[in-house]
1. Per residue of segment 24-29, what does 6.51 cos²θ - 1.76 cosθ + 1.60 with θ = phi - 60° give for ³J(HN,Hα)? Whole Hz please, x for Gly and Pro, Karplus curve as stated.
2. To the nearest 20 debye, what is the magnitude of the charge dipole of the chain about its Cα centre, counting +1 on the Cβ of each Lys and Arg and -1 on the Cβ of each Asp and Glu?
3. Along the positive direction of the dipole of the chain (beta-carbon charges: Lys, Arg +1; Asp, Glu -1; about the Cα centre), which of L64, P37, G16 reaches farthest?
4. Among V55, L2, P27, which residue has its Cα positioned farthest towards the positive end of the charge dipole of the chain, with +1 placed on the Cβ of Lys and Arg, -1 on the Cβ of Asp and Glu, and the dipole taken about the Cα centre?
5. Give the calculated FRET efficiency between A3 and K30 to the nearest 0.05, with a Förster radius of 30 Å applied to their Cβ-Cβ distance.
6. Over the Cα atoms of the chain, how large are the radius of gyration and the largest Cα-Cα distance (Dmax), in Å?
7. Using only alpha carbon pairs under 8 Å that are at least six residues apart, calculate the relative contact order of the chain and give it in whole percent.
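Each value in this text was obtained by applying a stated rule to the coordinates, not by laboratory testing. Treat the numbers as computed from the prediction; the structure is a model and nothing was measured. Positions of Cβ are backbone-derived with ideal geometry, glycine not excepted, and every protein chain shown enters the neighbour counts.
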Amino acid sequence: MLAELLVQAQQHHDQGATLHILESFTPKIKASLRQVPADHREDLKQELYVKMIEVIQTFDISDLK
């Protein structure tokens with residue numbers, strides 16, 4: 001499922017697929033952010049999502065097809 005979304009996000013520039021991938025990681029991100037001081041959480045959350053989008057766009061999907 002996640003592999004299919006990754007392929008869609010890259011090959012078809014499907015923003016919905018990218019969003020679905022990000023949403024699937026949201027619970028883990030929220031849990032991890034609880035370990036960070038409250039005044040840094042929002043900035044870190046934004047940086048994490050930006051990095052995830054970069055990884056989604058550059059991940060080697062050649063083995064997934």
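1. Taking θ as phi minus 60°, the curve returns 5, 9, 4, x, 5, 4 Hz for segment 24-29.
2. 240
3. Looking along the dipole axis, the top candidate is P37.
4. Selected residue: P27.
5. With a Förster radius of 30 Å, E is 0.80.
6. Rg then Dmax for the chain, in Å: 13.2, 42.
7. On the way: 36 pairs, mean separation 27.9, N = 65.
The value is 43 percent.
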